[in-house]
1. Label points 7 Å out from Cα along the Cβ direction at N5 and A223: separation in nm?
2. Given R₀ = 45 Å, FRET efficiency for A19-T231 by Cβ-Cβ distance, to 0.05?
3. Multiply the residue separation of I105 and E38 by 0.36 nm, subtract the distance between their alpha-carbon atoms, and state the gained length in nm to one decimal.
4. Mean-square fluctuation check for the chain, GNM, Cα pairs under 10 Å: which of P150, P78, P35 is largest?
5. To the nearest 10 degrees, how steep is helix 46-58 against the longest Cα principal axis of the chain, on a 0 to 90 scale?
6. With everything on Cα atoms, drop me the angle between helix 23-32 and the longest principal axis of the chain, reported from 0 to 90° to the nearest 10.
7. How many Lys pairs in the chain lie less than 30 angstrom apart by Cα atoms, where the lysines are 8 or more positions apart or on different chains?
8. Where the centroid of each part is defined by its Cα atoms, how far is the range 68-142 from the range 1-64 in Å?
Amino acid sequence: QALRNQFLSLSFLSERSAAAGNTEAAIRLALEALPSKEQPERPYLFEAEAALYKALLAHRQIKILRAGAGVAHAAFNPTGDRIVTASYDGTAAVWDIPSGVETAILKGHDGAVERAEFSPDGTRIVTAARDGTARLWDAVSGEQLYILRPVGNYPTATFSPDGTRVLTAGENSNATLWDVRTGKKVGGVSSDAYTRAAFNSDGRSFATAGKHFVSIWNTADGALTQSIRVTS
């Protein structure tokens, strides 16, 4: 009876997890409440099997977006109703999630697009590709606004939390700050060969990660505030 009560509790938790949208946890909880090859002695509960079916029905794809080429990266806009995808054919695409329709194609790069993301207000998109450039686009029309170069091979590009700056970095290229309104370079820091970069949550500083160091920089003046040597 104690085991039955325990598995009834797991079944109940599974249903609650599924209702909250955490379907993976719901499936695991329901399976834990059912007999298995490893533990056939567990009592069978109809409630556990019902919870499993409910979780499996809830855990399904809601939309398939079929890009024309392999997708390297994808990101939601701030309101969650559009997605931008970056593809190996040198393009990026904007998709309307409710309809699944491709609303804009961003063409201009001469190499595989490694990254694409929306600005915090959803009006701009930044892409970074293996042609050594990052590019700013109008998120609605798909019009190319600015080319940011050079950003190095295998690049990254990301907006600041307030959306006024773009930070780029790449292989054998300095980490660089760009003004979103003008596309002009407003700052840069020396990087360590193969570099990744990211803003902190308030945008007042950013980090670069290279082969040997992780460095923290002040966004306003590019001053180095901390450097951590990576030994492994």
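The values are calculated or read from the model by the stated rules, or taken from the named source; none is laboratory data. Note that the structure is a prediction, hence the values are computed from the model and not measured. Neighbour counts are summed over all protein chains in view; Cβ atoms, including those assigned to glycine, are modelled from backbone coordinates with ideal geometry. The protein model used for the area step is the full one, side chains on, heavy atoms only, and it has no ligands, DNA or RNA in it. Shrake-Rupley method; radii C 1.70, N 1.55, O 1.52, S 1.80 Å.
1. 6.4
2. Efficiency, rounded to the nearest 0.05: 0.45.
3. My answer for the length gained is 19.0 nm.
4. P35
5. 20
6. In the chain, helix 23-32 runs at an angle near 30 degrees to the longest axis.
7. So the count of such lysine pairs works out to 7.
8. 38
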